[in-house]
Structure formats: structure tokens, C-alpha cells
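A.B. asks: Right, I'll just put the structure down here and ask away after.
The values are calculated or read from the model by the stated rules, or taken from the named source; none is laboratory data. These figures come from a predicted structure and were not determined experimentally. So basically every Cβ, Gly included, is an ideal-geometry build from the backbone, and we count neighbours across all protein chains shown.
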Amino acid sequence: MGQGLGSCSMDELEDIDSQLERTLKIIRARKTQLFKDEIEHLNAKERLLLQQNASLREKCGFMPMLLESAPAPAPVPVPPPQAKERGNCSQSTKSWEVETELFIGFPQMRCL
């Protein structure tokens, strides 16, 4: 492409340039329209799926989903009441305590 243009006059080159610009505008407009149509189609599909989802939830007895609000956070488990015993590593395999101190240096075996 672009080969053999050396013999063209300046007017011919400007005509070719303007024709290319018009063609590019048409192509870009068509591409934009196709994307808009696809977005419209996908939005319609989304609405249909949301309606079907709501219908299925209603049939199953689930509460309707609220789109605007975030789901409620899961409850945080409460650790069992235990006295803090430091120095005894074999206290329990399931410990609710977490060490949150910053320690810089060589790693050591520390127990809670």
C-alpha cells in the first residue's frame, strides 16, 4: 500500500487522503454502532437474567437479593473464654490468639 504514488500530483494525493479520511470515519461510525448494539443486547440479557434469578429465588423461598447494598458480613467467631497462659506451647492445637508484635531479627520460637 502506498506504492506507486510518486507519480501522483499533489491534488491526487489530497483526494486520496480525503477519501481515506471519509472511509475511516465510516468504518469508525459502523464499529461504534456495532458496539452500542452489542451493549444494548447485553443489557437486555442482563435484565432478563435478573428477572429469572428473582423468579427462581422466589420459587425456592430465598430472600430477594438487594443490588444496591452489599451483603452483610459474616459474623466473627468469638474465641472461647480462656486465661492467657504464656510459655505453654502445648496448650491447645486450636488457638484463638494471634501474635501481632513486630519483631525484627533472627526468627525465634515464641509461644503465646
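A.B. asks: Identify the residue in the stretch 39-66 that is in contact with a helix residue (DSSP H, G or I) (Cβ under 8 Å, 6 or more places away or on another chain) and at pLDDT below 60 and, among all such residues, is surrounded by the fewest Cβ atoms within 10 Å (Cβ to Cβ).
C.D. replies: For the stretch 39-66, the residue satisfying everything is Pro64.
A.B. asks: Condition check: assigned to a helix (DSSP H, G or I) and exposed (fewer than 10 other Cβ atoms within 10 Å of the Cβ). Does Asp11 satisfy that?
C.D. replies: Against the criterion (assigned to a helix (DSSP H, G or I) and exposed (fewer than 10 other Cβ atoms within 10 Å of the Cβ)), Asp11 qualifies.
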